[in-house]
1. Taking the options A:220, A:242, name whichever one is open to solvent by less than 70 Å² (accessible area, probe 1.4 Å), among the β-branched types (Val, Ile, Thr), more than 20 Å from residue A:279 (Cα to Cα) and modelled with pLDDT of 90 or more.
2. Is it the case that the stretch B:132-144 has a residue that's surrounded by 19 or more Cβ atoms within 10 Å (Cβ to Cβ), in contact with a Lys or Arg (Cβ under 7 Å, 6 or more places away or on another chain) and not in a helix (DSSP H, G or I)?
3. Given the criteria surrounded by 22 or more Cβ atoms within 10 Å (Cβ to Cβ), of a type in the set (Gly, Ala, Ser) and either closer than 21 Å to residue B:30 by Cβ or at pLDDT below 95 (or both), does residue B:117 qualify?
4. Looking at A:37, A:22, can you tell me which residue is touching a strand residue (DSSP E or B) at 6+ places or on another chain (Cβ under 7 Å) and of a type outside the set (Val, Ile, Thr)?
5. Residues to consider are B:321, B:327; find the one that is open to solvent by 20 Å² or more (accessible area, probe 1.4 Å), touching a strand residue (DSSP E or B) at 6+ places or on another chain (Cβ under 7 Å), under 21 Å from residue B:142 (Cβ atoms) and away from chain A (no Cβ under 13 Å).
6. Filter the stretch A:10-40 down to the residues that are away from chain B (no Cβ under 14 Å), free of Cβ contacts under 8 Å to residues at least 60 places away in the same chain and under 24 Å from the mean Cα position of the chain (by Cα), then identify the one that is surrounded by the fewest Cβ atoms within 10 Å (Cβ to Cβ).
7. Filter the strands (runs of 3 or more DSSP E) completely within the stretch B:14-126 down to those with at least 1 residues that are within 14 Å of another protein chain (Cβ to nearest Cβ) and not hydrophobic (A, V, I, L, M, F, W, C).
8. Quick one: in the stretch B:191-220, which of the residues that are of a type in the set (Lys, Arg) and touching a residue at least 60 places away in the same chain (Cβ under 8 Å) is least open to solvent (accessible area, probe 1.4 Å)?
Amino acid sequence: MESAHIPPLPSIFMHTNPSPTLIAQGAEAHLYKTSFLTPSTPAALKIRPSKPYRHPILDRRLSRQRILHEARCLVKLMREGVLVPGVLALDWEGSNNNNNENDAGNQQTGGAWLLMEWIEGPSVRLVLEKWEVWMKRRLQLLQPLESGSPKRTEPLKCVEEQEEEERVRDLMRKIGYAVGSMHKAGVIHGDLTTSNIILRKNAIKDRENNNSERLDDITIADSVTAVGDEELQAMDGEIVLIDFGLAGQSTQEEDRAVDLYVLERAFGSAHPRTEGYFGALLQAYRESFKGAPNVLRKLEEVRMRGRKRSMVG
Amino acid sequence: MIAIGLEGSANKLGVGVMRHPDDDSPAQVLSNIRHTFVSPPGEGFLPKDTARHHRAWVVKLVKQALKEAKVDVEEVDCICYTKGPGMGAPLQSVAVAARMLSLLWGKELVGVNHCVGHIEMGRYITGATNPIVLYVSGGNTQVIAYSSQRYRIFGETLDIAVGNCLDRFARTLRISNDPAPGYNIEQLAKKGKLLVDLPYTVKGMDCSFSGILSAVDALAALWGFDKEDAANDHDDAKGVEQTHHADGTVKPTSADLCFSLQETVFAMLVEITERAMAHVGSKEVLIVGGVGCNERLQEMMGIMARDRGGSVHATDERFCIDNGIMIAQAGLLAYKTGLRTPLEESTCTQRFRTDDVLVRWRD
C-alpha cells in the first residue's frame, strides 16, 4: 500500500544504525527488526501507532492496556519456563509525548512500543509449506516406480512414509507441548496460527552445524530442487510462540479450548496435508498438564458449536 | 424494467419504485417513501404494534409511491419484498401485502435479503465497486466483504446490535424516539465533552455491546438520569453543564454519557473494519444501515480510511435507514438473473444470514 500513511518511528529509534526495518504491518501494529544495545544483537520492535480516529484519552488507554498486557503475558510465560520472546523494554506512552496538551497534533509520532528478543528461525507455516511441497514431489517421484513394480517398492515407500510421519508427528507433539505449557501458565494466546509459531534451532546444534545452510535461507524453490537429506533437519529445533497481541490471562477450559480450535482451523485451512497429524498435537497437549483432558472434552463442544450463531434480525 | 420494493422488517415501512432502463443507462429511483412507527419515549417498538402500523399504512404508501413514480401498474415487472431478517410480525404483514399485490396485479414476487438490500443500495448510490461493508443498524452489526458470489461476514456482534445499544440507552434516558432514538443521541453527544471509562470489547473481528450498555446504564442510574422527570433536563443547561464536586470528582452530564458511548462503540466498529481491510487488502469502506447516518461514525471511519490510503463511502438518511427502494434494487438485480419466488414459497424468516444469498449478479 504505497499511499498508506506509515507513522514515524518513536524518536529513540530514529538514530539507530542500521535503522529498523519494517517486517510486517497489520491493522494494529507495525513490526520492525532492530538491534538492542549492540548492533549484533537483533531485537523485534512492535509499535502500536496511535489511532487519530479515536478520542485521545481512549486511544492512550487502549494502547497502554494492550502493550502492557502483552508484556505481562510474555514475562509471566518467561518466568514459567515457556519459550517466548523475552521483553527488553517498552514505553506505553510513546516517546514524543511529553504530556504537552498543545502538542496534540504531534501525538501521532511514535505510539506505544514494545522491544522484544529476536527469535531466529522459520515459522511453522513456512516449515510445513516446504514440507508439503517436498512431499508432493516425493510422491510424484515414487508414482512411476510404484506402477512399474508394486511389490518391491511398497515396503520401501512404507519406510519413507513412516519416517516422514514420524518427523511431522514429532513437530506436532512439540507444538502441542508448547501450547500446553502456555495454558498451564495461565495464558491464552488468542491468535494461534502457524505463522505465530517459530521453529528455533537449538543453540548448541546451531554452533555445530555452523557452516551448514541456514534454515530460513532455504526457500520453497530450493526445496523443490533439493529433495535431499538436509530437509530432514528442517523440523529439528525448539518451538517458540510469538505475537501475544491478542493474548489474555485465563485458566478457563472454554478459553483454552477456543485457542486449540483456532489452531486446528489454522492447520486445516493452511496445511490440509497435516490434518491427519493434528491428533499427535492434541495427544502431547493432553499430557502437558493436569487439566488438559477436560480442555479437550470442551474442544469437542466448541467444534460442534462452530463460531457463528444464526443472526437475529 | 421496473420493480416495486416493500420493506417492513422493523419499525419503518418503506415502498420504493426503481427502474433499470433496458439500454444499460444508470438506474433511476422513481419514488422512495417511508412511514415510521414511533413509540413513546422510554419505550421500544413492540412487534404487534409495529405490525398493526404496517398493515394500516401499506396500501396508502403503495398508492402514493406509484403516483409519485408516475408509473402504471401494467409497467411494473416484479414485486420485491423483504424475506428477512427482521421482526416476525412486521415481516409477515408486509409479505402478506406483497402476495396480495402479486395476485391482484398478476406480477411475480422476488424475496430479498434485507442486508443484501442495504449493500446493493449503498453500492449503487456511492458507486463503490468492491468495498468492505460495515452494516450497522438497530438489528445488525456486521463487517462484510464480497468473495466468489457471496457477501461474506468477516466480523459481527456477538450479542446485541450497535443500534440496539444506542436505542436502548435512549430509552434509559427517556429521550424522544422521534425521528429516531439514535439521531437524538447523536445530537446530545455533540454537547458532551467528558469521556467516561466504558468497557471496550473487541475480539478479533467480532465485538460485543451488551456489557457497554449495562455499564452506561449503571452510570445513568448512578447520576440520576434515568428518572421519569429527567427527560426534560437533557436539553437545558442542567443537562450539559458538568458539576464539579469539592473532592475533585466531576459529575458527568447525560450529554457526556452519550458522547462517551458513541466514542467507545464507534472506535470498536472502526477497529474491526480496519482489521478486515488489512485482512482483505481493500482500501474502500462502505457504511450502510441506520447507524451509518451518524456523522461522527462517518468522520472516524474517514480518518481511518485516509490513513490507509483509502476512502469511505456513506449515504444519507434516505438510503441508509431502511427503505423500499433498496429492496427494489436488490430484487431487480436478482430478478434479472432469473430469480423468482413462487407464491407458495413467499414466506418470511426472522433469521436469514447475509452469506446465505447466492449473489449471481456479480462476478
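The values are calculated or read from the model by the stated rules, or taken from the named source; none is laboratory data. Only a predicted model underlies this, so the values are computations on that prediction, with no experimental measurement involved. As a convention, Cβ positions derive from the backbone with ideal geometry for all residues, glycine included, and neighbour counts pool all protein chains shown. Accessible surface is based on the protein model in full, side chains and every heavy atom, while ligands, DNA and RNA are left aside. Shrake-Rupley method; radii C 1.70, N 1.55, O 1.52, S 1.80 Å.
1. It is A:242.
2. Yes.
3. When the stated conditions are applied, residue B:117 passes them.
4. A:22
5. Result of the check over B:321, B:327: B:321.
6. Filtering the stretch A:10-40 for residues that are away from chain B (no Cβ under 14 Å), free of Cβ contacts under 8 Å to residues at least 60 places away in the same chain and under 24 Å from the mean Cα position of the chain (by Cα), the one surrounded by the fewest Cβ atoms within 10 Å (Cβ to Cβ) comes out as A:40.
7. By residue number, B:78-84, B:108-113.
8. Filtering the stretch B:191-220 for residues that are of a type in the set (Lys, Arg) and touching a residue at least 60 places away in the same chain (Cβ under 8 Å), the one least open to solvent (accessible area, probe 1.4 Å) comes out as B:191.
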